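The values are calculated or read from the model by the stated rules, or taken from the named source; none is laboratory data. These numbers were taken from a predicted model, which means no experiment stands behind them. Positions of Cβ are generated from backbone atoms using ideal geometry, with glycine treated the same way; all protein chains shown enter the neighbour counts.
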Amino acid sequence: MALVDRIGKSLTGAPLVLTNVDALIDWSRGQSLWAMPMGTACCAMELIAASFSKFDFDRLGSFPRPDPRHTDVMIVAGTITRRMAPAVKRLWEQMPEPKYCIAMGNCAVSGGIFYYDTYSVVRGVDEFLPVDVYLGGCPPRPEALQDAVLQLRELVRSRSIAEGREYDRDYTLPLPGGDRAGTTDPGRAEAAGVLAGGTPESGDET
Amino acid sequence: MAIEVESRTPVHDEDGRAVEELVLNVGPAHPSTHGVCRIIAHLDGEVVTRAEPVIGYLHRGIEKMAENRTYLQIVPLTDRLDYVGSMYANWAYCRAVERLAGIGVPERAEYLRVITCELQRIASHMMSIGSTGADTGAFTMFVYAFDVRERVVELFEALTGSRLTYCYVRPGGVAADAPEGWLDDVRRVVGEMPARLAELDRLFFGNVIARGRLKGVGVLDVATAVAWGASGPVARGSGVGWDLRKSDTYSLYPRFDFDVPVGERGDAYDRARVRLWESVESCRIIEQALDQIEPGHVHAPGLPRLLKPRPGDAYDHIESARGSLGVYLVSDGSPRPYRMKVRSPAFCNLALLPLLAPGHTISDLVVILGSLDPVFGEVDR
Amino acid sequence: MNIDELREHLCGTYPDLCPLFSIEFGDGVLIVDRGRYWSAAKDLKDLGFDRLGMITAVDGVDDFEIVARVTAREMGAHIFLKTHVPRDEPAIETLTDLWPAADWQEREVYDLFGISFRGHPDMRRILLPDDWVGHPLRKDYRDERIIRRPDYI
């Protein structure tokens, strides 16, 4: 039961008016989904093209913001390699709830053309992120990306903000030579060491 | 995210306070949309004392994958190398295969290759100049340049069916002939383009703020450019008049009359301006090619789909929008190459960043990175 | 300058390199053995080859083949410089003191093949993470993460 419903019921005894406010909140959230463009490869070009004058994302309310803390949606566009994955995961963790993820392009959906014979590509970003909309294509057209945002809008509208988000699996990423804490990112390991009170080994970054 | 590191020799300023060096991680995801490059910048206040690019965030192992693909199956992989310029990335690979296997290409196919490659050069330079505009804060420039790019991409969509990764140039020719009326569309678009490019020149490069942001930033002298293997607009902006279309005279370029713009000072302004004027010269080449093209085959007749070149190795290169893009193929007689190596110009140009950045501010660091025009599909492969 | 003129020029200036020069697929190739590699590169640089295009390696069955390609802008000529390095001792001199462009190229060869370059200022991995185990482009590289493409042909 929605939170607003419960408050309304306790206040007035009849939740009629307050249920519509709930729907209004969900509708308005869907109308302004600010997107974080996590573009690594070719799909990033189509993501940029979708934001610009011919295809114009802004009319859908979506605006590309490079800062994760300002955004609702992370659009992962492009191949994610094992080296890049901790960075994407960290940015995802920095986004405030409620947040959504669109996997754009074949590489983000399943590894795409790089599924076979590679040693360094993560086969689908849903190995470590909970994806809401999968958008196939290599690269998908900008109109397809806008359709994905519209689908996401339906999803946002149908899932109320008060219900919260349940992740049905533990999204950890097995990395070469370490677990989630010991990532392949030397900066993070160094920062973890510094925060724990140790001194860094050398003045230089590797 | 900033990590403060104790510097080895503490420096004291005039008031006697100890000044520490700041190590700033311009991480793999950052607002300037050049791709996944991580720069570890050592800062003294706002001035960069050392900048080291860390690459490999898009290393997909294309060279390893190519060892398990036939020669035709590698063409879509080469699309994804320099994804802003798939046409010429395909072409460099196909030239290497043709040299290895001894395949001749029909003339109409060569003309189509030249036309599409020059159109792709325009599209790629628009992406690069647009990002330069975005880096200096002129976001409108990005949108205007992308509009010019959209004209070219629409043409490619009519020709190949896709907007970005075309897989059009194949060993032995091109995939399919131009549809009816396409060449007239190209003529129309290319006829209007020099005026639009001149407008961009006036709006952006004539702007006093853009001049202030770009002039004197990231100066590269001739000796360093040659010694460090820089090529393309990065080298030409410094005055090195090295263009493979003129010096190596590959394909049909001897038949066309065009100039190669060369800069003087070697700063970011000259590099960006060289790119703009190269686009204008590309329009000239395309118009001449449209005048000269004749009907004919677009693919070498009788070519088997499963190529088995004789054992040996071959290298061939083209002048891409970023520099000299080469592909080195080693064959052992089987339908799959034994080794494919891509000589990426953006990889070689990016090695210049630690030389160009010191002494500039952190905001100029992004401008310098943009002026080197890296595309990380090509840098990391 | 075409291949024959290049051969004349090379043989005229460095006669001991002449028998090592051949022409393959339209390109001049100079195959030297390991000890002669750096001095042959220096000779080429003095001859006018001022631009290094690429340095790469090919994993032959018994050894590695190092392939370098240099260009002379004034002469308009290119040449390959090839040498062989045994598999059990993959090391060779660096060319960074002749052409600084070799810096990143050699780091890439080290990263993907495991061939170390003596005298390189900064010999570490460039494309793969620093804690990666193994050198992927070797023919005997095994990794359980790789899914091999089925053979459709």
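Quick notes on this structure:
- B:Gly266 being touching a residue at least 40 places away in the same chain (Cβ under 8 Å) and within 18 Å of the chain's Cα centre (by Cα): yes
- Qualifying residue in the stretch B:118-125 (condition: within 10 Å of chain A (Cβ to nearest Cβ), among the β-branched types (Val, Ile, Thr) and over 30 Å from A:Gly124 (Cβ atoms)): no
- Residues satisfying the stated conditions in the stretch B:287-321, i.e. more than 8 Å from chain C (Cβ to nearest Cβ) and of a type in the set (A, V, I, L, M): B:Ala289, B:Leu290, B:Ile293, B:Val298, B:Ala300, B:Leu303, B:Leu307, B:Ile318, B:Ala321
- Cβ pairs under 9 Å, 6+ apart, first in the stretch B:201-225 and free of Cβ contacts under 8 Å to residues at least 24 places away in the same chain and of a type in the set (Phe, Trp, Tyr), second crowded, with 21+ Cβ neighbours inside 10 Å and not in a helix (DSSP H, G or I): none
- Among the residues of the stretch A:103-119, the ones that are small (Gly, Ala, Ser), free of Cβ contacts under 8 Å to residues at least 60 places away in the same chain and not in a loop (DSSP other than H, G, I, E, B) come to 3 in all.
- Within the stretch B:140-188, if we keep just the residues that are under 19 Å from the mean Cα position of the chain (by Cα) and not in a helix (DSSP H, G or I), the residue that is surrounded by the most Cβ atoms within 10 Å (Cβ to Cβ) turns out to be B:Val169.
- Members of the stretch B:74-98 that are farther than 16 Å from B:Ala175 by Cβ and within 14 Å of chain A (Cβ to nearest Cβ): B:Arg80, B:Leu81, B:Asp82, B:Tyr83, B:Val84, B:Gly85
- Single residue of the stretch C:52-65 satisfying the filter (among the acidic types (Asp, Glu) and surrounded by fewer than 20 Cβ atoms within 10 Å (Cβ to Cβ)) that is farthest from C:Leu30 (Cα to Cα): C:Asp62
- When residues of the stretch C:116-153 are limited to those that are in contact with a strand residue (DSSP E or B) (Cβ under 7 Å, 6 or more places away or on another chain) and either on the phi > 0 side of the Ramachandran plot or crowded, with 19+ Cβ neighbours inside 10 Å (or both), the one nearest to the other protein chains (Cβ to nearest Cβ): C:Leu137
- Exclusive hit being of a type in the set (A, V, I, L, M) and at pLDDT below 90, set B:Leu306, B:Leu329: B:Leu306
- For the stretch B:189-215, residues that are surrounded by 15 or more Cβ atoms within 10 Å (Cβ to Cβ) and not acidic (Asp, Glu) total 14.
- Of the candidates C:Ala68, C:Ala41, the single residue that is more than 10 Å from chain B (Cβ to nearest Cβ), crowded, with 20+ Cβ neighbours inside 10 Å and either assigned to a helix (DSSP H, G or I) or modelled with pLDDT under 85 (or both) is C:Ala41.
- Set B:Ser279, B:Ser324: member being away from every other protein chain (no Cβ under 14 Å) and surrounded by 24 or more Cβ atoms within 10 Å (Cβ to Cβ): B:Ser279
- Set B:Ala2, B:Ala18, B:Ala29, B:Ala101: member being at pLDDT below 90 and under 25 Å from B:Pro301 (Cβ atoms): B:Ala101
- Matching residues, the stretch C:129-142, being closer than 24 Å to B:Val54 by Cα and more than 20 Å from the chain's Cα centre (by Cα): C:Pro129, C:Asp130, C:Asp131, C:Trp132, C:Val133, C:Gly134
- Taking the stretch C:1-38 as the range and being of a type in the set (Val, Ile, Thr) and either within 14 Å of C:Ala68 (Cα to Cα) or part of a helix (DSSP H, G or I) (or both) as the test, the residues that pass are C:Ile3, C:Thr13, C:Val29, C:Ile31, C:Val32.
- Counting only residues that are more than 10 Å from chain B (Cβ to nearest Cβ) and farther than 20 Å from B:Tyr57 by Cβ, the stretch A:57-89 holds 12 of them.
- Evaluated against (1) within 19 Å of B:Ile74 (Cβ to Cβ); (2) not in a helix (DSSP H, G or I), B:Gly302 falls short on exactly one condition, (1).
- On inspection, A:Ala144 passes the criterion of being assigned to a helix (DSSP H, G or I) and surrounded by fewer than 24 Cβ atoms within 10 Å (Cβ to Cβ).
- Meets criteria (surrounded by fewer than 24 Cβ atoms within 10 Å (Cβ to Cβ), within 13 Å of chain C (Cβ to nearest Cβ) and not acidic (Asp, Glu)) for B:Ser363: no
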